[in-house]
Amino acid sequence: MPDFYQHDDDGLVHTRFSDLVNCTHKGVLDVARKVAFGKQRNFSSNVIDFGKTRHEMFAEESEKTKETPLIFKEELGFASPVDMIEQEMVCDIFPGVVLHSTLDAAYTPSGLIVDYKTATIKDDEEKSRNDFKLHYKRSKQHLTYALQLLNKGIIPSRAVYLGEFWNSERTELLGYDMVDIPITLEEVVEFKNTWLRDRAERLVVAVDYFRKTEGKTLQSM
């Protein structure tokens, strides 16, 4: 995944799910500054870089086998063919707003979405696993992918978050778990018309403010 997601300087608002998650009433200004001034950059840290490496390894295996990684079959009994791997998807979600997504894997004939996650087991393993499951049951990330698939004429039916658990130092692999979530068309439509619209509109207003402010600053120089 590149540090910057690439797009034309077309005056539109380009965004990702990770941006929109942070477009709360308090957080939107920080996101909007980056969008307005063309500085959308993927945050980097040891934890994120580790997760990126594992994603690349999973993708490399799937490119060869055209299936989800074998380890998830061995540990969780989950396996599926895949025909989309680390695919960048872009669509206009509202006038002036363009959504970018990178799908870990999918099998389009059945509408399956697969998302890999690396997670940390802290002091209480049971609590860490339960927190993982609760978080992704509530997550809206798979609905973003579902919307992107619908834009391609593919009907999403199911999302599976496949979790790989490590110790805090990322030196010991501690196990695997998964969250399996059905997807309905009604749910995707509601997501677009509520949460996604609210975050996108908030971002557009803030970006417009910063772009106008920047223009005034440049004109006065």
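Some notes on this structure:
- Single residue of the stretch 189-211 satisfying the filter (within 20 Å of the chain's Cα centre (by Cα) and aromatic (Phe, Trp, Tyr)) that is most open to solvent (accessible area, probe 1.4 Å): 195
- Selection from the stretch 158-188 of residues that are open to solvent by 10 Å² or more (accessible area, probe 1.4 Å) and part of a strand (DSSP E or B): 158, 166, 173, 174, 175, 176, 177, 178, 180, 181, 182
- Top-ranked residue in the stretch 46-64 [being open to solvent by 70 Å² or more (accessible area, probe 1.4 Å) and closer than 15 Å to residue 83 by Cβ; ranked as farthest from the chain's Cα centre (by Cα)]: 64
- Hits in the stretch 129-157 - residues which are over 17 Å from the mean Cα position of the chain (by Cα) and either buried (at least 21 other Cβ atoms within 10 Å of the Cβ) or charged (D, E, K, R) (or both): 129, 131, 152
- The conditions of being part of a helix (DSSP H, G or I) and either more than 25 Å from residue 95 (Cβ to Cβ) or modelled with pLDDT of 95 or more (or both) are met by residue 191.
- Unmet requirement for residue 122, which otherwise passes all of (1) open to solvent by less than 70 Å² (accessible area, probe 1.4 Å); (2) in contact (Cβ under 8 Å) with a residue 12 or more places away in the chain: (1)
The values are calculated or read from the model by the stated rules, or taken from the named source; none is laboratory data. Here the structure is a predicted model, which means the values were calculated and not measured. FYI the Cβ positions are ideal-geometry reconstructions off the backbone, even for glycines, and counts take in every protein chain you see. Only protein heavy atoms, including side chains, enter the accessible area calculation; ligands, DNA and RNA are left aside. Shrake-Rupley method; radii C 1.70, N 1.55, O 1.52, S 1.80 Å.
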